[in-house]
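The values are calculated or read from the model by the stated rules, or taken from the named source; none is laboratory data. Here the structure is a predicted model, which means the values were calculated and not measured. Every residue, glycine as well, gets a Cβ built from its backbone with ideal geometry; the counts of neighbours run over all protein chains shown. In case anyone asks, the SASA skips ligands and DNA or RNA and just uses the protein heavy atoms, side chains included. Shrake-Rupley method; radii C 1.70, N 1.55, O 1.52, S 1.80 Å.
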Amino acid sequence: MSKKIVIVGAGVAGINAATKLVDNKYKGKITIIDMGKDPHKRLPSEVMTGMLGAGGWSDGKLTYHTAIGGQLKKYCGEDKAMNLMDQVITNFKRFHPKPEEVQCSNPDAEPDFIKPYFGLRLFPVWHVGTDYLHEIGKNWYQYLVDNGVEFMWETKVSNIDFKKQLVDFHQNNLRYTGIYHYDELIFGVGKSGIDFGKSLAEQYDLPTEPKSVQIGVRFEAPQHHFQKLIDISYDFKLYRKFDDKGVSLRSFCTNNNAAYVAVEETYGNYTYNGHAKKDERYRNDMTNFGIIMELNGIEDPFTWSREVVKQCQSIEDKGLYYSPSRQVSQTSEGNLVDAFQINESDMQTVRHIFEGYFNYIDEFIDDMKKVFPTLKDDWGIYIPEVKYLSPEPLVDYTNLALTKYPNVHFVGDALSARGITVSGAQGIYVAEDILKFN
């Protein structure tokens, strides 16, 4: 008899897992539980939960290299990892209303003008287009529903009993509480569920691998300042390392042409990200990207990150914006990005909240002004941007199952994946293993 599969989280990892199962005529029951709304009811501003998660709703850049986004090749090797990522990219094209619009940027040479100040990571990136993601989500959702996948929307999982194989949940709109039995569980919560994953690890005393702090700002400026680099690499990643300090920095998730800063609300706090649309009517000739610090050696990095974000918001009960010359920008809907603009005095408070680490961001921006001399003070930063990483549970490399519970598989952000492609690939990897025994 085919097993009953429950997937917690309708993000990229869970949806790609379900798709792999459906495509291969899996006979068992597949149920997906998510806190968010189905893609027909989900608003553009509801970024963090729902069909295809945050990245599949507001980002849409699919990195195509095993050195970016997590430790996929550690689990399955280089060739298999690339094959899995190919499948994720194919799925996005498959449900895209205009698949011919999906384009790949593949730079192959680091320009000399970058080298004195930054390293530059070069790798292929598929650009889906933020403005197509919602239609992709609807098309993909319909395919899964038509093939028998059950979705439980606006439903929060409150506990999982790994020993009895039970999921406790309650549905927000119906005030209904229930229990669901599973044979195989795919735990694919996104950033909104990282604390839940951490609590399960503590509850079941799961062996884990500590992760680093990933925190910084969302940088924004007119695109022309960066054009000579954009012409070489659309989603450029500048980086630098300070190994003796346990600190590294990188630019992250670059958006150009029709680039807008996006607000994310996680654990009741504002943080920032960015997205880029493809349709020319949205063009604003802006560039935005994260400047993310990876900080090692901090005790309980998850709690430290949460506290920094909370203290930043305490200044004005929302996210912050600082610029030497600019004002808060607009969203693609013509509204101001939800942020409180601060002055230099407030920035000193922010630097204090970051416990001295903000100096690395200041120096990163100062050196960008040297590499891109027209930039000067024509920029702004939204504070903070953060990638919450809880301790990564140790898993069986062959199927990403917990070493203590072989029918519980961790994927996506729950397994410290950072990015759409790697998260989706992990989901497919688990589904392939389940299919072996179907």
query = Going by alpha carbons, how many degrees (0 to 90, nearest 10) lie between the helix axis of 78-94 and the longest principal axis of the chain?
reply = 90
query = So which trypsin sites (Lys or Arg not before Pro) in the stretch 4-44 are both in a DSSP loop and have at most 15 other Cβ atoms within 10 Å of their Cβ?
reply = Lys25, Lys27, Lys29, Lys41
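Give, in nm to one decimal, the length gained when the segment between Asn139 and Ser158 is fully stretched (0.36 nm per residue of separation minus the Cα-Cα distance). Working shown, then result.
Details: separation 19, 0.36 × 19 = 6.84 nm, distance 2.94 nm.
Here the answer is 3.9 nm.
Tell me the trypsin sites (Lys or Arg not before Pro) within the stretch 329-378 that lie in a loop according to DSSP and have at most 12 other beta-carbon atoms within 10 Å. Write down the numbers at each step before the final one.
Numbers: sites: Arg351, Lys369, Lys370, Lys376; in loops: Lys376.
When the trypsin sites (Lys or Arg not before Pro) of the stretch 329-378 are filtered for loop state and at most 12 Cβ neighbours within 10 Å, Lys376 remain.
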remark   = Checking Val261, Val308, Val411 against a Gaussian network model of the chain (alpha-carbon springs below 10 Å), the top fluctuating residue turns out to be Val308
Nearest-ten-degree value, helix 344-353 long axis tilted from longest Cα axis of the chain = 40
inquiry  = For the stretch 139-264, what are Rg and Dmax over the alpha carbons, in angstrom?
reply    = 21.3, 58
request  = Could you tell me the distance between the Cα centroids of the stretch 389-429 and the stretch 131-194, to the nearest Å?
outcome  = 17
task = Compute the distribution of all C-alpha to C-alpha distances in the stretch 386-438, in bins of 5 Å from 0, and list the percent of pairs in each, rounded to whole numbers.
result = 4, 21, 28, 26, 12, 6, 2, 1
ask   = If you keep only loop residues by DSSP, which GluC sites (Glu not before Pro) in the stretch 237-301 have at most 14 other Cβ atoms within 10 Å of their Cβ?
value = Glu299
Separation of alpha-carbon centers, the stretch 281-347 and the stretch 22-57, rounded to whole Å = 28
query = Per residue, what accessible area does the stretch 279-325 have, given a 1.4 Å probe and all protein chains present, in Å²?
reply = 47
task = Could you pull out the pairs from Lys138/Lys277; Lys278/Lys387; Lys41/Lys211; Lys3/Lys211; Lys29/Lys164 whose alpha carbons sit more than 29 Å apart here?
result = Lys41/Lys211; Lys3/Lys211
query = Using a basic spin-label model with each label point 7 Å from the Cα along Cα→Cβ, how many nm lie between Lys376 and Gln348?
reply = 2.6
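Under the rule of -39500 (n - 2.57) per DSSP H run of 4 or more residues, summed and divided by the residues of the chain, what mean residue ellipticity at 222 nm is obtained, to the nearest 500 deg cm²/dmol? Working shown, then result.
Working: 11 runs with 123 residues, N = 438.
The helix-only estimate for the chain comes to -8500 deg cm²/dmol at 222 nm.
Let me know the whole percent of all Cα-Cα pairs from the stretch 176-219 that are separated by more than 11 Å.
Details: 753 of 946 pairs.
Here the tail beyond 11 Å accounts for 80 percent of pairs.
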query = Given springs between every Cα pair under 10 Å in a Gaussian network model of the chain, which of Tyr360, Tyr180, Tyr75 has the largest fluctuation?
reply = Tyr180
ask   = How long, wide and thick is the stretch 1-103, going by the Cα atoms along their three principal axes, in whole angstroms, largest first?
value = 41, 36, 26
ask   = Whole-Å semi-axes of the stretch 251-378's equivalent ellipsoid, largest first, each the root of 5 times a Cα gyration tensor eigenvalue?
value = 25, 18, 15
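In debye, nearest 20, what is the charge dipole magnitude of the chain about its Cα centre with +1 on Lys and Arg Cβ and -1 on Asp and Glu Cβ, if you could check?
Around 960 debye, computed over the chain.
Which pairs break 26 Å Cα to Cα here: Lys4/Lys73; Lys37/Lys98; Lys80/Lys156; Lys4/Lys163?
Working: Lys4/Lys73 29 Å; Lys37/Lys98 24 Å; Lys80/Lys156 34 Å; Lys4/Lys163 16 Å.
Violating the 26 Å Cα-Cα cut-off are Lys4/Lys73; Lys80/Lys156.
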ask   = Within the stretch 247-344, what percent of beta bridges assigned by DSSP are antiparallel, to the nearest 5?
value = 90
query = Which semi-axes, in whole Å and largest first, does the equivalent ellipsoid of the chain have when worked out from the alpha carbon gyration tensor as the square roots of 5 times its eigenvalues?
reply = 35, 23, 21
query = What's the angle, to the nearest 10 degrees (0 to 90), between helix 194-203's Cα axis and the longest principal axis of the chain?
reply = 50
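Assuming R0 = 51 Å, can you tell me the calculated FRET efficiency for the pair Asp112 and Tyr204, based on Cβ-Cβ distance, to the nearest 0.05? All intermediate terms of the calculation are to be shown ahead of the outcome.
Working: r = 52 Å, r/R0 = 1.03.
The computed FRET efficiency comes out at 0.45.
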key: ³J(HN,Hα), Karplus 6.51/-1.76/1.60, whole Hz, each residue of the stretch 406-416, x for Gly, Pro   = x, 9, 10, 10, 9, 9, x, 4, 5, 10, 6
ask   = Considering only the chain, what is the antiparallel percent among its DSSP beta bridges, to the nearest 5?
value = 80
Cross-link partners of Lys310 among aspartates and glutamates (Cα-Cα below 17 Å; sequence separation of 8 or more within a chain) = Asp195, Glu264, Glu265, Asp300, Asp338, Asp346, Glu355, Glu385
query = Can you list the HN-Hα couplings for the stretch 314-324, worked out from phi with the Karplus curve (6.51, -1.76, 1.60; θ = phi - 60°), rounded to whole Hz and with x for Gly and Pro?
reply = 5, 5, 8, 6, 6, x, 10, 9, 10, 8, x
key: Equivalent ellipsoid semi-axes - Cα gyration tensor, the stretch 229-292, angstrom   = 25, 19, 6
